[in-house]
Amino acid sequence: MQPVLNIGMLGHVDHGKTSITRAISGVWTDTYSEEIKRGISIRIGYVDVSIFKCLKCNTYTTKETCPKCNSKTEFMRRISLLDAPGHETLMTTTIAVSNIIDGAILVIAADEKCPQPQTKEHLMVLQAMGVKRLIVIQNKVDLVNRERAEKHYEEIINFLKEFGYDENEVPVLPVSATFNINIEYILEAIQENFPTPKRDPNLPFMMYVIRSFDVNKPGSNIEKLKGGVIGGSLIQGKVSVGEEIEIRPGITYKVRDKEIIEPIVTEITSLFTGIDSIQTAKPGGLIAIGTKLDPALTKGDNLSGCVAGKPGTLVDNTNILNMSYKLLDRTDFENKPLIKGEPIVLSIGTATVIGVVAMVKKNKITVRTKRKVYPIMNSNIAICRRIGQRWRLGGYGKLI
């Protein structure tokens, strides 16, 4: 069964996003070797979860049998959890997550003062990207005493008020991921605060690509090789096995030191949601699309940041972007107006690209990007600026 909702797990590094995800789903999403070695999320991790409710004791769970009274539970819906990196150097990956989620869970550790730098920055990202539905988890309450937990709760409430959130509208849940305490209330809050969005299945199919990979093991028989796989989330329409799809910007190669980017057209050979094979995919949750592409084109997330769509419905790639923009009110650095010639980093959909401001006119800019990108109309674009030796979120905009 395909999930109907994407929920992002955001928060400061080491505040427990991946631990909360495991407590809910039973799956540890940090599987990339560098993530295991460093103990932090680097790539986008995701897992699908089915939510059930026991009508007898009114408890939410991920099991078909109630853990409290052993009664048979009723299926509510299936969701996808996207675990975003919390480290400041991986902010562009977090921004990519925010472009495909319907709501967010902000994880804040009780053993540190609130807010921490990325706690604040992640909330800025959510507001800039237009993600309005939010749940806050006060994690690691097992590491502090009652007095500190209550004081930390007040810090969270004051922090949310600074960003214009009403404490009666945003649930703040005390949780211990280590001991699986209050996990059922997270599921309840998801059900009550994150409605399933209405989708139009008649729009042309379009998907943001967040992962791409080669599923073949080293030494596989050439006759049994499988085509490359792309993974992501449909933002509109539906698509079925056997249909053709177009991927833009596409593949990049060089001819006489000149970089060329060309779209790819291929056929869908399989569709998967989690481990389940499906014949037709629609918006909601994350899917994997098997194709007839040479797996060398998709390995190592080579097509991450692309857009897949119905052939003939996608516009041309471009390296000139005309945007309206707004700068964020930053208190931790001086966020001066953009100037002509300034290098910036743009996050468009799930793509990240470096560009230079070619023109500034009031609240509008023209940006010349280093490489061609697919222009996604009506999508929020995050703008990162060079502050010292780091790229920091400075503003957001839309294509015009």
Quiz item: Sorting C66, C114, C306 on the 10 Å Cβ count, fewest up front, what's the list?
Solution: C66, C114, C306
Practice problem: Would you give the gap between the C-alpha center of region 351-400 and the C-alpha center of region 202-232, rounded to a whole Å? | Solution: 29
Self-check item: Residues N145 and D332, FRET efficiency given R0 of 30 Å [Cβ-Cβ distance, rounded to 0.05]
Solution: 0.50
Exercise. Could you work out the relative contact order of the chain, using alpha carbon pairs under 8 angstrom and six or more residues apart, expressed as a whole percent?
Key: 14
Self-check item: Exposure proxy ranking, count of Cβ atoms within 10 Å, fewest first, for D142, D14
Solution: D142, D14
Quiz item: Is it possible to state the helix-based mean residue ellipticity at 222 nm for the chain, with each DSSP H run of 4+ residues giving -39500 (n - 2.57), the sum divided by total residues, to the nearest 500 deg cm²/dmol? What is it?
Solution: -5000 deg cm²/dmol
Quiz item: Counting DSSP beta bridges with both partners in the chain, what percentage is antiparallel, nearest 5?
Solution: 80
Quiz item: For the chain, what is the charge dipole size about the Cα centre, in debye to the nearest 20, if Lys and Arg each add +1 at the Cβ and Asp and Glu each add -1 at the Cβ?
Solution: 1020
Exercise. Could you calculate the contour length gain from S220 to R386, that is, 0.36 nm times the residue separation minus the distance between their Cα atoms, to one decimal place in nm?
Key: 55.3 nm
Practice problem: Decide, for the chain, between rounded, prolate and oblate: order the square roots of the alpha carbon gyration tensor eigenvalues as a ≥ b ≥ c, take rounded if a/c falls under 1.5, and otherwise choose prolate if a/b is larger than b/c, else oblate. | Solution: oblate
Quiz item: Here are some pairs, K132/K198; K53/K238; K326/K398; K53/K282; K238/K310; K53/K132; which of them have Cα atoms lying more than 19 Å apart in this structure?
Solution: K53/K238; K53/K282; K53/K132
Quiz item: Once amide H atoms are built 1.01 Å from N in the peptide plane, which residues 5 or more positions from E342, or in another chain, come under 5 Å H to H?
Solution: V357
Quiz item: For D301, D257, what ranking results if the residue with the fewest other Cβ atoms within 10 Å of its Cβ goes first?
Solution: D257, D301
Quiz item: Is the shape of region 312-400 rounded, prolate or oblate, going by the alpha carbon gyration tensor and its root eigenvalues a ≥ b ≥ c, with a/c under 1.5 for rounded and a/b larger than b/c for prolate?
Solution: prolate
Self-check item: Dipole of region 318-399, positive direction: furthest Cα of W391, L328, V360, with charges on the beta-carbon
Solution: V360
Practice problem: Treating only the Cβ atoms of Lys and Arg (+1) and Asp and Glu (-1) as charged, compute the dipole magnitude of region 206-309 about its Cα centre; round to the nearest 20 debye. | Solution: 160
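Throughout, read-outs are computed from the coordinates displayed, never taken from laboratory work. Computed from a prediction, not measured in an experiment: that's the story for all the values here. Cβ coordinates were reconstructed from backbone atoms using ideal geometry, including for glycine residues, and neighbour counts include every protein chain displayed.
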